[in-house]
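The structure under discussion appears below in the form of structure tokens.
The values are calculated or read from the model by the stated rules, or taken from the named source; none is laboratory data. As the structure is a computational prediction, the values presented were derived from the model and not from experiment. Backbone-built Cβ (ideal geometry, glycine too); neighbour counts: all protein chains shown.
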Amino acid sequence: VEVEGGPNKLGSPSPITLAKDEKSGLLANVSSASIIIVGASGDLAKKKIFPALFALYYENCLPKQFTVYGYARSKMTDSELRDMVSRTLSCRIDKREDCSEKMNEFLGRCFYHSGQYDSEEDFSNLDRKLKLQEGGEACNRLFYLSIPPNIFIDAVRCATLSASSSRGWTRVIVEKPFGRDTESSAALTDALKQYLEENQIFRIDHYLGKELVENLSVLRFSNLIFEPLWSRQHISNVQLIFSENFGTEGRGGYFDSYGIIRDIMQNHLLQILAIFAMETPVSLNAEDIRNEKVKVLRSIKPIHLDNVVTGQYNSQTKGDITFPGYTDDKTVAEGSLTPTFAATVLFIDNARWDGVPFLMKAGKALDNRRTEIRVQFRNVPGNLYKGNFTSDAEESNNELVIRVQPDESIYLKINNKVPGLGMDLDQSNLNLRYASRYSNEVPDAYERLLLDAMEGERRLFIRSDELDAAWAIFTPLLRELEEKNITPEGYPFGSQGPISAQHLASRYNVRWG
Ligand code: NDP
Ligand code: BG6
């Protein structure tokens, strides 16, 4: 992969060639790479980023010389950081295997530097340490901003200034949320562009790194049987469902100023929708794919409030256990109207999807944890077998279910003759369950995305115009909900969510799957 080098907007370009060594999986020709996790003391760094880096190291996917630097305000020594990180690592590839040697090697490459996020001096001290380790070689710098969004800009300013004298590329992974609405998102993009070119910014949406989301376009574009059916002619509705069986636990402070629409719908579910519904891209090149995603996002009609249900979970006692309600969290404002559940219906105003409802539902503290795409097909015209079903239904339509998580699977519901002398039909599944079909473990989304960022592959990252288009869909609705102080409908912790969500779906002749 030919990458335009240049440390950042302020530095001089120095082209570097990255090439993936087919045999080893290593990024060949990268003399070194330093990965700096800004906010290393936080939840995401511990839970996801360090473990993903270790998994990449384990699979020989990191450059030959790499260092991982944790950066945060907390005081910590290198060995304290290693202690903290070691508690989060596991032998993902084969749980029975003893990977302690690899783990120790990896931990030996992890260091810590304590500093303020708005201190150029602290970042230049880090830079000096990095340069010493790099031994004068051209070094590539990948900064991962795993910090609250209000400090993104200060951190980018200081980090890129200090890195401007290094001779490799500088890239910055930015975590969500990218703003709260169209205006704040545009302001964030403008501020980032003071210090970085667009091609240095990697806006992460970890759902794009999930195996089954990546597989969506393989399913559509490399199987003859699906693409001809992928339109209003054959599909009656599409459901995008995100459900978690736990509450905001420990993240109430963040969640209360965002809510479920910004936390899940505007990004994770909308990204899935864009890949599901886009036209065939010219190629698999990142820009060709992102061009198609932007087109479909821009074709989505504004959302009407009467097509929206919001909810908030209440406490629930089951036996001896009481599950707390959303507002029982001390970090949540008293009387908060922030929705922890939302359901809505979107329409894509183009020739392929005109009139097809895309139903979205996302909620916390529900009865199960799953993310699914459910595609319901139309009736068979003039069906000869109406009335032959063993169930009460007169006929059953085909449905394709893509279960993103857990227990990744793709299954197609078909009508089938029940074996026997009669002519009874039932609905059965053609089932591709990953755990049964594939012996290798599904990698965590962060592994793929970190590897792509190091390779300069932007396909799974969000371009700024995609982000604008995504906010344009939700900003008017969010504003209306807030201006009208819409009170979310209560639902008990561990339930199916507000009953009105069922009514909303039934207005479109749909039952949530
Ligand atoms: P944390 O709240 O744990 O913050 C990360 C670190 O930032 C903290 O350890 C702290 O480090 C520093 N920090 C926290 N609050 C402030 C503050 N007000 N001012 C300055 N520094 C602060 O965040 P997470 O690790 O949970 O998330 C990091 C980013 O990733 C956020 O943008 C979040 O929205 C996003 N994200 C998180 C997910 C998750 O599951 N946690 C999932 C998806 C996205 P120190 O005090 O040592 O400087
Ligand atoms: C994050 C949201 O982006 O995604 C969280 O901020 C949510 O609220 C999480 O829990 C879900 O991610 P996953 O990969 O566990 O489904």
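Quick notes on this structure:
- Scanning segment 471-508 for residues that are without any contact (Cβ under 8 Å) to a residue 60 or more places away in the chain and either among the β-branched types (V, I, T) or on the phi > 0 side of the Ramachandran plot (or both) yields a single hit, I499.
- Strands (runs of 3 or more DSSP E) contained entirely in segment 97-187, each with at least 3 residues that are on the phi < 0 side of the Ramachandran plot and within 25 Å of the chain's Cα centre (by Cα): 140-145, 170-174
- In segment 336-367, residue nearest to L269 (Cα to Cα) [restricted to those that are part of a loop (DSSP other than H, G, I, E, B) and either charged (D, E, K, R) or at pLDDT below 95 (or both)]: K364
- Considering only residues in segment 34-55 that are touching a strand residue (DSSP E or B) at 6+ places or on another chain (Cβ under 8 Å) and assigned to a helix (DSSP H, G or I), the one that is farthest from ligand 1 (Cβ to nearest atom) turns out to be L53.
- Some residue of segment 218-240 being more than 16 Å from ligand 1 (Cβ to nearest atom) and under 16 Å from L460 (Cα atoms): yes
- For segment 429-442, the criterion of a residue being within 15 Å of ligand 2 (Cβ to nearest atom), under 31 Å from the mean Cα position of the chain (by Cα) and at pLDDT below 95 is satisfied by at least one position.
- Residue match in segment 390-397 (condition: exposed (fewer than 14 other Cβ atoms within 10 Å of the Cβ) and either in contact with a Leu (Cβ under 7 Å, 6 or more places away or on another chain) or of a type in the set (S, T, N, Q) (or both)): yes
- Checked across segment 198-207, the condition of being among the charged types (D, E, K, R), within 16 Å of ligand 1 (Cβ to nearest atom) and under 23 Å from L240 (Cα atoms) holds for at least one residue.
- Pair list, Cβ < 6 Å and 6+ apart or interchain, from segment 264-280 residues that are charged (D, E, K, R) to residues that are surrounded by fewer than 23 Cβ atoms within 10 Å (Cβ to Cβ): E279/E292
- Test set (1) buried (at least 17 other Cβ atoms within 10 Å of the Cβ); (2) assigned to a loop (DSSP other than H, G, I, E, B) - N223 fails condition number: (1)
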